[in-house]
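Input: a single structure, listed below in structure tokens.
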Amino acid sequence: MIRNRSRRRLLAALGGVLMLAGAGTTGTALAAHFRTVLTGANVPGGDPDGWGRFRFRIDDTLNTLCGDLEVREIGQVTSAQVYRGGPGEAGAPVVDIDLPGSDNDSDDCDTIGDTLADEIQANPAGFFVLIKTAEFPNGALRGQIGPSDGSGD
């Protein structure tokens, strides 16, 4: 038992600092990771030699979707969006993704709201990513969303 009052205060202060240090780490721990591989074969009349991927995470604390879109062998992207819909289904867009620049890559964070964040996390296969170009206005590339371990797969 510590009898010295100043030692008890010091230990209490140290304990408080340690608790506060851990408080800022919860956002990372609550991020769920997802990915999709994008191909023209997933779109009727899509780009036959195009390829892409979209890796993203949803932060359940901030209700944000932050992702990395990469495309190759397609024309200039005119639209990149996350849609609600299963494999082979048409759907409505729910999130706009920043268009890739001259390096065919974009990094983006969007606030998506609690309901949509929960829906995607509960059923990622119920959503897909669709990339459109001027040459393929109905869709150049498409991919269903699935879970990822967040390792950069």
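What follows draws every value from the coordinates through simple rules; no lab data is involved. Small disclaimer: the values here were computed from a predicted structure and weren't measured. For neighbour counting, all protein chains shown are included, and Cβ atoms are generated from backbone atoms with ideal geometry for every residue, glycine included.
Annotations
- Look at (1) of a type outside the set (A, V, I, L, M); (2) closer than 18 Å to Arg53 by Cβ; (3) in contact (Cβ under 8 Å) with a residue 40 or more places away in the chain and you find that Asp98 fails only one, number (3).
- Residues of segment 33-60 classified as in contact (Cβ under 8 Å) with a residue 12 or more places away in the chain and either within 14 Å of Gln121 (Cα to Cα) or not in a loop (DSSP other than H, G, I, E, B) (or both), total: 19
Yes/no matrix, rows are residues, columns are (1) of a type outside the set (A, V, I, L, M); (2) surrounded by 14 or more Cβ atoms within 10 Å (Cβ to Cβ):
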{"residue": "Glu73", "(1), (2)": "yes, yes"}
{"residue": "Val77", "(1), (2)": "no, yes"}
{"residue": "Val94", "(1), (2)": "no, yes"}
{"residue": "Pro100", "(1), (2)": "yes, yes"}
{"residue": "Asp103", "(1), (2)": "yes, no"}
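- Look at segment 119-135: where a residue is under 17 Å from Gly50 (Cα atoms) and a partner is crowded, with 22+ Cβ neighbours inside 10 Å and of a type in the set (Phe, Trp, Tyr), sitting 6+ places away or on another chain with Cβ atoms under 6 Å, you get Val129/Phe54.
- Test: Val82 is of a type outside the set (Gly, Ala, Ser) and over 12 Å from the mean Cα position of the chain (by Cα): no
- All positions within segment 101-152 that are acidic (Asp, Glu) and out of contact with any His (no Cβ under 9 Å at 6 or more places or on another chain): Asp103, Asp105, Asp107, Asp108, Asp110, Asp114, Asp118, Glu119, Glu135
Conditions (1) in a strand (DSSP E or B); (2) touching a Leu at 6+ places or on another chain (Cβ under 8 Å), marked per residue:
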| site | (1), (2) |
| --- | --- |
| Leu62 | no, no |
| Asp68 | yes, no |
| Ala80 | yes, yes |
| Leu99 | no, no |
| Asp110 | yes, yes |
| Ala117 | no, yes |
| Ala125 | no, no |
